[in-house]
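Worksheet: one structure, shown below.
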Amino acid sequence: MEHEKGSSLDSGRKEKIMEIKTITEEKEKIKTKLAKVKHKIAVLSGKGGVGKSVVTANLATALASHARFIGILDADFHGPSIPKILGVRGNMLSSGPTGIFPVIGPLNMKIVSFDFLLPQDETPLIWRGPLKMNALRQLLSQIVWGSLDYLLIDLPPGTGDEPLSIAQLIHGLDGVIIVTIPSEVSQVVVKRSIGFTKRLNLSVIGVIENMAGFICPKCGSKYDIFGSGGGRKIAEELKVPFLGSIPLDPRISQCSDSGVPFIVEDPDSEATKSFNEIVDKIIEKVEGES
Ligand code: ADP
């Protein structure tokens, strides 16, 4: 009996050791697969629904139109929406002898998302805790990104263990962009997001305020639906860069639903101008430091 107990303990220990070995090997492979990616930026929002994915997709498009090679990792397990926003939903990741290849989106952007692995019938997939991280680690260890100027990582919303573990998987992150909306309550969330980046020892590239001011297409009046200037205020208070504001524009939402990046659809809009100005600041900050 004692002997049996001992051997099951031994096999439990062996299993654990094997698991740790696999994790370490996969982390090393991720590092190798990302070796030719010059800059890696995580996009974070302390809470969902503030437009993090829409901002990520449009920033990526703006960076690509600034002659940069771009990859996007949509690491939001529960609501992977980058493929829909960029019009590549329904595509599949392909594989070859060297690994798994991203889906190619507009402007040659390389896109990896869990959406490409899920059934397209909107069936919610229930990912249990550690399974999610195992799946992501395994997937990332095989992705052939090749040479990229930027990889943008759309993290799951919040500042909990999940975005933290994902950010830790990506070796050598340049920093984090925080997306927020102007409301008072969002300012508290931004504080938490900055705390999150400190825990990871990362720099905050800057704060972007989305859904800032709605300009009525009929009368031209501006309505500050979620308040005004909250993003700038909190960035100044916490001494992190403020990158800019994107207006609330129903056409942004319509474009995202139809799979056309807004900055391509309406290159002369106020929002496109803001995205381009923000991208200029990101390039200056990130490439200026390297
Ligand atoms: P998150 O990734 O933070 O959960 P999403 O990017 O999915 O948020 O955006 C949430 C919703 O808000 C979507 O329907 C999106 O189209 C819409 N949206 C995002 N930004 C804007 C904006 N600036 N103007 C209008 N609608 C927006």
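The values are calculated or read from the model by the stated rules, or taken from the named source; none is laboratory data. Note that this is a predicted model, so its numbers are computed, not measured. Quick reminder, even Gly has a Cβ in these numbers, built from the backbone with ideal geometry, and neighbours come from all protein chains shown. For accessibility, only protein heavy atoms count, side chains too; no ligands or nucleic acids. Shrake-Rupley method; radii C 1.70, N 1.55, O 1.52, S 1.80 Å.
Which residues, counting only those in the stretch 42-91, are near the ligand (Cβ under 9 Å from one of its atoms), under 15 Å from Asn276 (Cα atoms) and among the hydrophobic types (A, V, I, L, M, F, W, C)?
Within the stretch 42-91, Val54, Val55, Ala57 meet the criteria.
Which ones in the stretch 226-249 are open to solvent by 60 Å² or more (accessible area, probe 1.4 Å) and either within 15 Å of the ligand (Cβ to nearest atom) or among the small types (Gly, Ala, Ser) (or both)?
Residues satisfying the conditions are Phe226, Ser228.
Identify, by number, the condition in (1) under 25 Å from Tyr150 (Cβ atoms); (2) in contact with a Pro (Cβ under 7 Å, 6 or more places away or on another chain); (3) not basic (Lys, Arg) that Gly230 doesn't meet.
Single failed check for Gly230: (1).
Would you pick out the residues in the stretch 78-100 that are closer than 20 Å to Gly51 by Cβ, out of contact with any Pro (no Cβ under 6 Å at 6 or more places or on another chain) and not aliphatic (A, V, I, L, M)?
Within the stretch 78-100, His78, Gly79, Pro80, Ser81, Pro83, Lys84, Gly87 qualify.
Mind telling me which of the residues Pro241, Pro261 ends up being under 23 Å from the mean Cα position of the chain (by Cα) and within 21 Å of Gly49 (Cβ to Cβ)?
When all the criteria are applied, what remains is Pro261.
Pick from Ile41, Ile20: which is of a type outside the set (Asp, Glu) and either in contact (Cβ under 8 Å) with a residue 40 or more places away in the chain or closer than 12 Å to Asp154 by Cα (or both)?
It is Ile41.
Being more than 14 Å from the ligand (Cβ to nearest atom) and surrounded by 23 or more Cβ atoms within 10 Å (Cβ to Cβ) is the filter here, so list the residues in the stretch 150-165 that pass it.
Result: Tyr150, Leu151.
Within the stretch 54-82, how many residues are among the aliphatic types (A, V, I, L, M), open to solvent by 10 Å² or more (accessible area, probe 1.4 Å) and touching a residue at least 40 places away in the same chain (Cβ under 8 Å)?
2
Could you tell me which of the residues Ser81, Ser45, Ser53 is polar (S, T, N, Q), within 21 Å of Ser258 (Cα to Cα), modelled with pLDDT under 95 and touching a Ser or Thr at 6+ places or on another chain (Cβ under 7 Å)?
Of Ser81, Ser45, Ser53, the one residue that is polar (S, T, N, Q), within 21 Å of Ser258 (Cα to Cα), modelled with pLDDT under 95 and touching a Ser or Thr at 6+ places or on another chain (Cβ under 7 Å) is Ser81.
Restricting the first residue to the stretch 134-156 and requiring it to be on the phi > 0 side of the Ramachandran plot, which pairs with a second residue that is at pLDDT 95 or above meet a Cβ separation below 8 Å and a spacing of at least six or different chains?
Gly146/Lys36; Gly146/Lys110
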